[in-house]
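Engineer: This is the structure I have questions about; it appears just below.
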Amino acid sequence: MNQENNSRRDFLLGGLVAAGLAAGCNSNKDAFEAGADIQAKASGKRVKLLSVDGEVIEVDEAFLKPVPHMPPVSNTEARLGIPGKKFVMVIDLSRCKNLKKCQSACNHAHELNPGQNWIKVNPMQAGEHTAPYWEPTTCMHCDEPPCVKVCPVDATFKRQDGIVLIDSDRCIGCRFCMAACPYSTRVFNWDEPMLPLEVATRQYEAEKSVPQKKGTVGKCDFCADMTRDGMLPHCVSACPNGVFAFGDMNEDSVTNGTETFRFSELIKDKSGYRLMEDLGTKPSVYYLPPVNRNFPFESGLENDKLQNS
């Protein structure tokens, strides 16, 4: 008798589930989300799913809920890069006013802890009697990156488009890459990142470098996820003075979002150079010398509320 009652109850429960799905399809509402206001229209394409009870059921594809926070690009695909591209950055030292909006935009986009800056803006002076200037520094994304050569687990790698990235899923925190980098642009995550819950629970994406992990190395990633979508890195779009220009060397074009330049002519006409070229690292970041400056050398502007408004 008990077996008969159980069978009857299972039959009724199955009928109710089927009726619920049918009602959801007929009303064009998402049957998997109670009270959803979003209207879904049946596509006619049926998909087989395994229920929580281990039974195979069929539902319309239109009523499936996408899994949130799944990376649009796998870490394997991120390691390859974008074919036919060779990304390059130009930094015009004559335009830098030390507002550090580039730094704050980068920190916000990559959810960095306070004090962990992937972009550094340092006061520089060529000689005792020369005028000081501000010099932003990022990862140089070298064509011959020494960091890649010393990494024992292939955590840091160079893509076919010239971008050098770090896969935090592979990084073991040995910091060999930090020792090998002559530009001191890498940062070690000594502490647990202070992340919002929705970011901390997200699946790691090598192209976004988010979320960062304790015991791993981080650095400027040229905002590889943005470049894939044809957008400028955060530092470029955040700078109000057009200090940074970004583009494709193969197309011979760079832009700061307002102005567009032919890369080869810009470097030639403005005497562009790269840092520590004698080391043979072949950086992808070029500098234009601080001549005919737009602003006088002043410090503390990044703390000026009027400048940040």
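The values are calculated or read from the model by the stated rules, or taken from the named source; none is laboratory data. All figures in this text were calculated on a predicted structure; none of them were measured in a lab. Here Cβ is always computed from backbone atoms with ideal geometry, including for glycine, and neighbour counts include all displayed protein chains. When the accessible area is computed, the model is the full protein with side chains, heavy atoms only, and any ligands, DNA or RNA have been set aside. Shrake-Rupley method; radii C 1.70, N 1.55, O 1.52, S 1.80 Å.
Engineer: Using Cα pairs closer than 8 Å and at least 6 residues apart in sequence, work out the relative contact order for segment 173-297, in percent.
Structural biologist: 13 percent
Engineer: Here is a further query. Excluding residue 259 itself, what net charge comes from residues whose Cβ is under 12 Å from its Cβ, given Lys and Arg +1 and Asp and Glu -1?
Structural biologist: After counting each charged neighbour, the total is +1.
Engineer: I'd like to compare 263-274, 191-202: which one has the highest average count of other Cβ atoms within 10 Å, and what's the full order after that? Present the calculation step by step, with values, prior to reporting the outcome.
Structural biologist: On the way: 263-274: 14.6, 191-202: 12.7.
Final packing ranking: 263-274, 191-202.
Engineer: With the other protein chains left in place, how much accessible area per residue, in square angstrom, belongs to segment 71-159 at a 1.4 angstrom probe?
Structural biologist: So segment 71-159 comes to 42 Å² accessible per residue, rounded to a whole number.
Engineer: Given the pairs 213/282; 48/86; 45/213, which are separated by over 32 angstrom at their Cα positions?
Structural biologist: 48/86; 45/213
Engineer: How much length would be gained if the chain were fully extended between residue 200 and residue 213, taking 0.36 nm per residue of separation minus their Cα-Cα distance, in nm to one decimal? The partial results should precede the final answer.
Structural biologist: Values: separation 13, 0.36 × 13 = 4.68 nm, distance 0.94 nm.
Residue separation times 0.36 nm, minus the Cα-Cα distance, leaves 3.7 nm.
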